[in-house]
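These notes are about the structure you will find just below.
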Amino acid sequence: MKTLFSACATAAALALLPAGPALADDHDDATEAAPDPWTGYRGMGTEPFWSVTIGEERLIFEHAGVFTAEADRPDETFSPEGAVFISQSENEGDRDFIVLVQNELCSDGMSDRPYPQSVRVFVDGLYFHGCGGDPQDVLSGADWHVTELMGEAVPDDAGINFRFDGEGGMFGTGGCNRFRADYVMDDALSIGPVASTRRACINPVASERENQFFTALGSVITLNVESFGSLTLYSEDGPVLKAERRGEGG
């Protein structure tokens, strides 16, 4: 945490703004407003503990046990990196209250839980940096193809892949059989038990690899996401599999 001049905070926020306004669509079909994606959004940080909440009409900041600040919520300004909210704190001095949300992987520094956005807040002359968004969004929305299992490379044609549905369900194929499992993602990650079909693998190598895969899933205790396209799952003894993210959509 460090003290910043108001002008510096505003300049940092403006650096994320697009170069010019987007052209309006001439169509009049969309008469109903799209749901607001920001109402209820929360960013947070540790050391010190703080949080910022974007409400329907208000920005609310809380620095645990130290101070709070509120401001009217302005219209957000989008950029390729995320969104910017620029307002004025209602505390004495009416200083800048700026929230910058950027689409980049973020760690809170205290757990293995990854977040899809980083959040920066300039409020009452102070600066805070933390994370935001739903951690489920980091894992869901695409297929993960296993590239390494128990330290051994897995060929693409092995067909071992899985998908997280973002609601506690995981499904995919071990190469021969389809499977489903529940998962819990809080400060870490746990998977299982694994339920699969019982089709026999023609290739004994594929059968052994599939058994290793299902066993590995049941041993997972945590994860590491190095980028939006790279995932490593760990047991108590170390990494058990690596996977690459391929394909978007539901």
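The values are calculated or read from the model by the stated rules, or taken from the named source; none is laboratory data. Since the structure is predicted, the reported quantities are computational estimates derived from the model, not experimental observations. In this analysis, Cβ positions are derived from the backbone assuming ideal geometry, glycine residues included, and neighbour counts consider all displayed protein chains.
Applying a threshold of 8 Å to beta carbon distances and a minimum spacing of six or more residues, or different chains, the list of pairs starting in segment 174-200 at a residue that is without any contact (Cβ under 8 Å) to a residue 12 or more places away in the chain and not assigned by TED's automatic domain parsing to the domain that holds residue 240 and ending at one that is part of a strand (DSSP E or B) and not acidic (Asp, Glu) is empty.
For segment 177-193, the candidate set comprises residues that are at pLDDT 95 or above and farther than 18 Å from residue 222 by Cβ; within that set, the residue that is surrounded by the fewest Cβ atoms within 10 Å (Cβ to Cβ) is 178. Screening segment 76-124 for residues that are basic (Lys, Arg) and at pLDDT 90 or above and picking the one that is nearest to residue 50 (Cα to Cα) gives 120. Being surrounded by 18 or more Cβ atoms within 10 Å (Cβ to Cβ), among the hydrophobic types (A, V, I, L, M, F, W, C) and under 28 Å from the mean Cα position of the chain (by Cα) holds for only one residue in 228, 213, and it is 213. Apart from one condition, residue 138 fits all of (1) of a type outside the set (Gly, Ala, Ser); (2) part of a strand (DSSP E or B); (3) buried (at least 17 other Cβ atoms within 10 Å of the Cβ); the exception is (2). Restricting the search to strands (runs of 3 or more DSSP E) fully inside segment 174-245 and requiring at least 3 residues that are touching a Ser or Thr at 6+ places or on another chain (Cβ under 6 Å) gives 178-185. Here residue 65 meets each of (1) surrounded by 10 or more Cβ atoms within 10 Å (Cβ to Cβ); (2) at pLDDT 85 or above with one exception, condition (1).
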